[in-house]
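Some notes on the structure that comes next.
The values are calculated or read from the model by the stated rules, or taken from the named source; none is laboratory data. Keep in mind that this is a model prediction, so the values were computed, not measured. Backbone-built Cβ (ideal geometry, glycine too); neighbour counts: all protein chains shown. Ligands, DNA and RNA are excluded from the accessible area calculation, which covers all protein heavy atoms including side chains. Shrake-Rupley method; radii C 1.70, N 1.55, O 1.52, S 1.80 Å.
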Amino acid sequence: MHEVIPAGPPPGAAPPPRAGCYIDPRPFVPEERTRMSKVPVPAHPHQRREPLPWQAPKAAQDDPDAARCLRAICEDPSYREADRDVDFLQHDDTRGVRLQLDYLKPQFLLEQHDIRHTIVVLGGTRIVEPAEAARRADRLRAELAAKPQDADLQRRLSVAERVRAKSRYYEVAREFGRLVGQVGERAEGGRAVVVTGGGPGVMEAANRGAADVGARSIGLNITLPHEQFPNPYVTPGLCFQFHYFAMRKLHFLLRARALVAFPGGYGTLDELFETLTLVQTRKIRPLPIVLVGEDYWRRVVDLDFLAAEGTIDAEDRELFWFAESAQHIWDGIVHWYRQAGEPVFPVHGGAGAAHGERSTR
């Protein structure tokens, strides 16, 4: 068989229009062709046949000093484009712009990754995995054996032993990261992931657990006067470095469906009590708040005492509960939402709720 080649347009006829093009039903008469010949060819979008006057610097033959003057103008910071002038962006007067950028960059990237919900995991940077905690304690014990009267070594060994006892929480946080990772990747309407401060210790453990099961997780780092490194288990592309603590705190809670606080220090207490205050005042919608390690937390802060003293109400004591294992943490969160009559990770319908933001405003 021979291939049948469709006939083209007759000689002198215009080529057939592309799909979707407007077709003028009128016949193309010679007078029309003459008139259309006066319509110019569209200009090139980038190139010119003739350069514009300002595309070349002033000639040295007209002014030998022109090149020096031009160099001084172009090298001065005032000539930089504002969005490329880092020095300008660091001024006190541009703080508002920096705050916007600190918010917008993570917001944009989280939307790009379709992150709709998060489970916040807080905890001490010094609570390392059991093997590392044991090595540190053993090393100090050996040093103390050589200097048994050294009071500083005695104190440091005592602290190391306490950290070693709490290192089991590293494994609890890691297992919890696995649980959230397994469920969150299957969440409807967008991903649900673990979010931590991106540092070592308990935060590392939660990010590591998510990585164990191939799930994504977020790290919210903050710039500090000394150098720091994020833990290696945060998902590349989801580790953000904030300039302002305020913007970091905002992103911790913007998509949060629960907050889980492991034993920790000032940073953990800061985030925990800020969240308790926001929920207490209903500045944000209530969410599950879980304190892991009841013995630790009851010694750190006596919230029953605050209620008995009347500095918080009895109902404020009901804003959190204690848990010990990863499964108990997760089961408690699921039960809390079951009582609230909604799923842990809901599918949001409206544009305003597209990313699960917790603000009541």
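When the chain is treated as a GNM, springs tying every alpha-carbon pair under 10 Å, which of Pro64, Pro30, Pro288 comes out with the largest mean-square fluctuation? Highest fluctuation of the listed residues: Pro30. Going through (i) 43; (ii) 31; (iii) 11, the figure that equals percent of Cα pairs over 39 Å apart as computed for the structure here is (i). Starting from the Cα of Val300, move 7 Å in the Cα-to-Cβ direction to define the label point; list residues of region 102-131 whose amide nitrogen is under 14 Å from there. Zone members listed by number: 121-128. Taking label positions 7 Å along the Cα-Cβ direction at both Val159 and Ala145, the computed distance is 2.3 nm, reported to one decimal.
Within the listed set Gln327, Gln154, Gln55, the residue fluctuating most in the Gaussian network model of the chain (springs between alpha-carbon atoms under 10 angstrom) is Gln55.
Taking Gly199, Gly177, Gly267 in turn, the Gaussian network model of the chain (Cα-Cα springs below 10 Å) assigns the largest fluctuation to Gly267. Length available on full extension from Asp63 to His113: 0.36 nm per residue minus the Cα-Cα distance, which gives 12.4 nm. Put simply, the convex hull of the Cα atoms in region 122-281 casts, on average, a shadow of 11.0 nm².
For a Förster distance of 30 Å, can you work out the FRET efficiency between the beta-carbons of Arg338 and Leu224, rounded to the nearest 0.05? So the FRET efficiency works out to roughly 0.15.
Taking a 1.4 Å probe, which of Arg162, Arg186, Arg116 shows the most accessible area, and what order do the others take after it?
Arg186, Arg162, Arg116
Counting only protein heavy atoms and a 1.4 Å probe, the chain has 64 square angstrom of accessible area per residue. Gain on full extension, evaluated as 0.36 nm per residue between Asp316 and Thr277 minus their Cα-Cα distance, stands at 13.1 nm.
FRET efficiency for Lys105 and Val347, Cβ-Cβ distance as r, R0 = 22 Å, nearest 0.05? After rounding, the FRET efficiency stands at 0.25. Here the accessible area is traced with a 1.4 Å probe on the protein chains. For the chain, carbon and sulfur cover 55 percent of it. The lysines within cross-link reach of Lys166, meaning a Cα-to-Cα straight distance under 29 Å and a gap of 8 or more places when in the same chain, are Lys147, Lys249.
When Glu271, Glu161 are compared by accessible area at a 1.4 angstrom probe, the order from most to least is Glu161, Glu271.
Between His243 and Ser37, the contour length at 0.36 nm per residue exceeds the alpha carbon distance by 68.1 nm.
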